[in-house]
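Written below as C-alpha cells is the structure these notes are about.
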Amino acid sequence: MKTLRHYFISDDLNDLELLEEQLESAGIESPQIHVLSEDGVGVANHIHLHAVQSLFTRDVVHSAEVGALVGMAGVILVLGGAFLLDLPDEIIGWVPYVFLSIVIFGFCTWEGGLIGIQRPNYHFKKFEEALNDGKHVFIVDLDPDQEVELAQLLKHHPNLKDMGTEVGTPHFVFALLHWLYAFIDRNLYSREQLKQK
C-alpha cells in the first residue's frame, strides 16, 4: 500500500510541534512525520519534532539510482558487445567481461551517489526559497485511512500553508521501522532492568 506525502510550510516551530503531538495522539507514528528546516538547533530544541535526516536532504539516493541505470546500460553494452562480437573464447571465457561489467556498474552507482551529495534532494528543491527565508517544511506520510485525522487537525492550524502532495514512502517501510523501534526498545529496556538488579 502506498502512502500519500503531504507538504506544509510554516514559520512557527511551536505550532508544528503541537501538530506532530496531535498526529501521534491520533495514531500516526513518528517515522511518518518530519520537519525540514535550515534551523537545526530550533528543531532540536523542540523535543517532539523529528528533523529530516541529513542524508535525505541531499540527492544521494536518487542520483545513485540514476547512476545504477547508467551502469546497467554499461553492463548491457559490455556483455552484449562481447556476445555479438564473439569475443569470449575457450581460453579466457566470460570472466573478464563479467568482471568488467561489475566494475562499470559499481563505479557508475558510486559516482552517481557522489554527484548526489553535492545536490539538494530533488523532492525538496521546490522549498529552497522558503527554507532560505527561515520557514520550515512539515512532511507527513499518511495511509489512505489516516487522511481524515489530518484534515480534522488542520482546522486548528490555520497558519500552515498547504504545499501539495505526492506519492510517499511505501507502507511496509513504516511497518519495518515500527518493528525495529519496538525491538530496540524491548531489548534495551530489558538490558537496563538486568543492570539495575
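Coordinate-derived values only; no laboratory data. The structure presented is a predicted model; accordingly, all values stated were derived computationally and were not measured. In this analysis, Cβ positions are derived from the backbone assuming ideal geometry, glycine residues included, and neighbour counts consider all displayed protein chains.
General observations
- With neighbours defined as other Cβ atoms within 10 Å of a residue's Cβ, the residues His136, His6, His156, His50 order from fewest to most as His156, His50, His6, His136.
- Spin-label model, Leu154 to Leu180: label points 7 Å out along the Cα-to-beta-carbon direction sit 2.9 nm apart.
- Estimated at 0.36 nm per residue, the fully extended path between Leu87 and Glu38 surpasses their Cα-Cα distance by 12.2 nm.
- Contact order, relative form, for the chain: 43 percent (alpha carbon pairs under 8 Å, 6 or more residues apart, mean separation divided by residue count).
- Vicinal HN-Hα couplings computed from phi for the stretch 177-184 (Karplus, 6.51 cos²θ - 1.76 cosθ + 1.60; Hz; Gly/Pro x): 5, 4, 5, 4, 4, 5, 4, 5
- Net charge of the neighbourhood of Ser63, taken over other residues with C-beta under 14 Å away and scored Lys/Arg +1, Asp/Glu -1, is 0.
- On the beta carbon distance between Gln53 and Asp162, with R0 = 25 Å, the FRET formula returns roughly 0.55.
- For the stretch 163-174, Karplus couplings with θ = phi - 60° (6.51, -1.76, 1.60), whole Hz, Gly/Pro x: 10, x, 9, 7, 5, x, 5, x, 4, 4, 5, 5
- Principal-axis tilt of helix 60-84 within the chain, Cα atoms, nearest 10 degrees: 20 degrees
- Loop-located trypsin sites (Lys or Arg not before Pro) across the stretch 1-60 with a Cβ neighbour count of 15 or fewer within 10 Å are Lys2, with loop assigned by DSSP.
- Degrees separating the helix 13-25 axis from the principal Cα axis of the chain, which is the longest one: 80 degrees
- Each Lys or Arg adds one and each Asp or Glu takes one away; over the other residues whose Cβ falls under 11 Å from the Cβ of Gln32, this sums to -4.
- Phi angles of the stretch 108-119 translate, via the Karplus equation with coefficients 6.51, -1.76, 1.60 and θ = phi - 60°, into HN-Hα couplings of 5, 5, 4, 5, x, x, 5, 5, x, 4, 7, 10 Hz per residue; Gly and Pro are given as x.
- The stretch between Val61 and His171, if pulled fully straight at 0.36 nm per residue, gains 37.7 nm over its current Cα-Cα span.
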